[in-house]
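Reading through the structure tokens given below for one structure.
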Amino acid sequence: MINPMDLSGKHILITGGSSGIGRKCAIQASRLGARVTIIARNEERLKETVQLMDRSEEQAWYAFDLNETGQIENLINTITAERGKADGFVHAAGIGTGRMLRQTTPRFVEKMFRIHTLALFETVRCLSLGNNLNEGASLVTISSLAAKIGNISQGAYGAAKASMEGFLNPIALELGARGIRFNAIEYGFVQTEMTQEYMDFGDHKLLEAQYLGLIGAEDAANVVLFLLSDACRYITAAVLPIGGGYGGKIG
Amino acid sequence: MTNEEKLELLEEVMEMDPGTLKPEMALENLEEWNSIAVISFIAMVDDEFDKVIKSAVIKEQKTVADLMALMEEE
């Protein structure tokens, strides 16, 4: 039996790896044979996630606040020195807070761009330096359908997610020379605590537009794992919409 | 922050005229307490009190006074 998504022997780095899609990616990557390193702020949740992974003793966590962009270079160098070069990277860290326009202040916009944009750009930049990535490595960033058509209150969130997509092609081109791939996934509504916060008081008709239903976190993660694997070694600079049909139903 | 100032902030969140909101009012009877007001309330508490309130906590609140009680720094 063959498994084209096998990740045995690969080292995968995941930001936001202690909750939501990031946590599911970490668990699934371990099941596919990878050595996984997760980065997030909350030590308790990080430890919990490592326990949920296959071969926990091989997996590692680093408690770090990605808002501290000046410290990312040090973090990445420490991780690769202690754990080896990376074969995969997933930027799953993010915040989904919605705000109406009058409260979309510079302070809030900066907060959204810091985690979605600056943390991604800086982590990818640092990974590209000093041989921190193995040849053929795959980088994946978690975007959102809100990057193209956000719902009410998603102005700053959608703009920050869209900035990821502008970053994609030039970097994929530059790193492509080293056989490194870089892709983004635009998710619709995925069953996570973050989405729950958004949906709790939101318009539930939104979910009707996503006619395949709410996307399970593990199902969402499987698409990331596909992009990390050699099964799609010729996919790069792509934005995959995983929206359960969202936007395709008229009336 | 005084109770009057808190009520002013809540009136802004619910887009109501100044002086119309009273602490004893039940949230379920307030048409203005809708999903947009909740989003605005979470943002206001974050800005003014540096505190992030979960939607589950907001769901438990019954009156305007309950919301005012959440408007404190941790």
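The values are calculated or read from the model by the stated rules, or taken from the named source; none is laboratory data. Given the structure is predicted, the values throughout are model-derived calculations rather than measurements. With ideal geometry, Cβ positions are generated from the backbone for all residues, glycine too; neighbour counts draw on all protein chains shown. Just the protein is used for accessible areas: all its heavy atoms, side chains included, with ligands, DNA and RNA removed. Shrake-Rupley method; radii C 1.70, N 1.55, O 1.52, S 1.80 Å.
Using only the Cα atoms of region A:123-189, what are the Rg and Dmax in Å?
Values for region A:123-189 (Cα only, Rg and Dmax): 13.7, 43 Å.
Only helical DSSP H runs with n ≥ 4 go in: add -39500 (n - 2.57) per run for the protein assembly as shown, normalise by residue count and round the 222 nm mean residue ellipticity to 500 deg cm²/dmol. Write down the numbers at each step before the final one.
Values: 14 runs with 141 residues, N = 325.
Mean residue ellipticity at 222 nm (helix-derived): -13000 deg cm²/dmol.
Need one number: nm distance between label points at B:LYS54 and A:ARG107, each 7 Å from Cα along Cα→Cβ, rounded to one decimal.
Here the modelled spin labels are 2.4 nm apart.
Report, for chain A, the % of DSSP beta bridges that are antiparallel, rounded to 5.
Details: 0 of 30 bridges.
For chain A, the DSSP antiparallel bridge percentage is about 0.
Multiply the residue separation of A:ASP200 and A:GLU165 by 0.36 nm, subtract the distance between their alpha-carbon atoms, and state the gained length in nm to one decimal.
Values: separation 35, 0.36 × 35 = 12.60 nm, distance 2.81 nm.
Extending this stretch completely gives an extra 9.8 nm.
Expressed in nm to one decimal, what extension gain is obtained for the pair A:ALA238 and A:ASN74 from 0.36 nm per residue of sequence separation less their Cα-Cα distance? Please report the intermediate quantities before stating the final value.
Working: separation 164, 0.36 × 164 = 59.04 nm, distance 2.93 nm.
Contour length minus Cα-Cα distance gives 56.1 nm.
Could you work out which residue, out of A:LEU120, A:LEU228, A:LEU207, moves most in a Gaussian network model of chain A, that is, has the largest mean-square fluctuation with Cα springs under 10 Å?
A:LEU207
Tell me the label-point distance for the pair A:ALA231, B:ASP47, using the 7 Å Cα-to-Cβ offset, in nm and rounded to one decimal.
It works out to 4.6 nm between the two label points.
Nearest 0.05, what FRET efficiency do B:ALA26 and A:GLN51 give at R0 = 41 Å with Cβ-Cβ as r? Mind showing how you got there, number by number?
On the way: r = 44 Å, r/R0 = 1.08.
E between B:ALA26 and A:GLN51, to the nearest 0.05, is 0.40.
Extending each Cα 7 Å along its Cβ direction at A:ALA63 and B:ASP66, get the distance between those two points in nm, one decimal.
3.4 nm
Run the dipole for region A:11-240 about the Cα centre, Lys and Arg Cβ at +1, Asp and Glu Cβ at -1, nothing else charged, and hand back the magnitude in debye, nearest 20.
360 debye
Provide the FRET efficiency to the nearest 0.05 for the A:LEU173-A:ARG41 pair, computing r from the beta carbons and using R0 = 41 Å.
On the way: r = 33 Å, r/R0 = 0.80.
The formula returns an efficiency of 0.80 here.
Once you have the alpha carbon radius of gyration of chain B, what is it after dividing by 2.2 N^0.38 Å, with N set to its residue count? Numbers along the way, then the final one.
Working: Rg = 11.0 Å, N = 74, 2.2 N^0.38 = 11.3 Å.
Expressed relative to 2.2 N^0.38 Å, the Cα Rg reads 0.97.
I'm checking a number: the convex hull volume of the Cα atoms of the protein assembly as shown, normalised per residue, in Å³. What is it?
147 Å³
Could you tell me which chymotrypsin sites (Phe, Trp or Tyr not before Pro) in region A:171-223 are loop residues by DSSP with no more than 16 other beta carbons within 10 angstrom of their beta carbon? Walk me through the numbers before you get to the answer.
Details: sites: A:PHE182, A:TYR187, A:PHE189, A:TYR198, A:PHE201, A:TYR211; in loops: A:PHE189, A:PHE201, A:TYR211.
Sparse-neighbourhood loop chymotrypsin sites (Phe, Trp or Tyr not before Pro): A:TYR211.
How do A:LYS10, A:LYS148 rank by accessible surface area computed with a 1.4 Å probe, from largest to smallest?
On the way: A:LYS10 35, A:LYS148 135 Å².
Accessible-area ranking of A:LYS10, A:LYS148, largest first: A:LYS148, A:LYS10.
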